[in-house]
Amino acid sequence: MRPPSPDRRSLLIGGVVFALARPALAQSRERIRFDSGNDNGSVQGAVKGGTYRDYQLGAKAGQKMSVSLITDGSAYFNIMPPGATYEAIYNSSINGNDAISVQLPKSGDYTIRVYLMGADDSEQKTIPFTLSVTIM
């Protein structure tokens, strides 16, 4: 049997790297809506390892957002500005699961992405959480 050609070898290696570097997939995307007259709301959910849950809400430049994530596992969240794919203006795995008065740089739909890290993520556990959001 002859060895694969360099072009075929590159395709094989590229396929393996792609399979290993595959990004997490969105488990769901929901819009957070506040009741009339309220500046806050909360949602309950669960996130499974290897996926994430996105929550979207509209806000204006200059407003402040506070987010709290209550969980018994290794769930975290990022606050991402309008148009962002992965860039976060707040990362709770670094700064903690209570974001207080995060200044919003522009108007539009912000995404709060809840995800897992560590063993909970790699073992694909499902972790429940409560997410509380305030816009001021």
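Looking at this structure, is ALA75 among the aliphatic types (A, V, I, L, M), farther than 24 Å from PHE129 by Cα and at pLDDT 95 or above? Explain how you work it out, then say what you get.
On the way: among the aliphatic types (A, V, I, L, M): yes; farther than 24 Å from PHE129 by Cα: no; at pLDDT 95 or above: yes.
Taking the combined requirement at face value, the residue does not satisfy it.
Could you check how many residues of region 40-67 are over 16 Å from VAL102 (Cα atoms) and of a type in the set (Gly, Ala, Ser)? Before the answer, list the steps.
Pass one, region 40-67, residues over 16 Å from VAL102 (Cα atoms): 41-55.
From what is left, the residues that are of a type in the set (Gly, Ala, Ser) are 41-42, 45-46, 49-50.
Looking only at that region, the number is 6.
Could you list, in sequence order, all residues of region 89-122 that are closer than 13 Å to LYS64 by Cα, in contact with a helix residue (DSSP H, G or I) (Cβ under 8 Å, 6 or more places away or on another chain) and loosely packed, with under 15 Cβ neighbours inside 10 Å?
Hits for region 89-122: nothing passes.
Just name the residue that is nearest to GLN44 (Cα to Cα) out of those in region 95-136 that are in a strand (DSSP E or B) and over 16 Å from the mean Cα position of the chain (by Cα).
The qualifying residue nearest to GLN44 (Cα to Cα) is THR134.
The values are calculated or read from the model by the stated rules, or taken from the named source; none is laboratory data. What you see is a predicted model, and the numbers here were worked out from it, not measured in a lab. Positions of Cβ are generated from backbone atoms using ideal geometry, with glycine treated the same way; all protein chains shown enter the neighbour counts.
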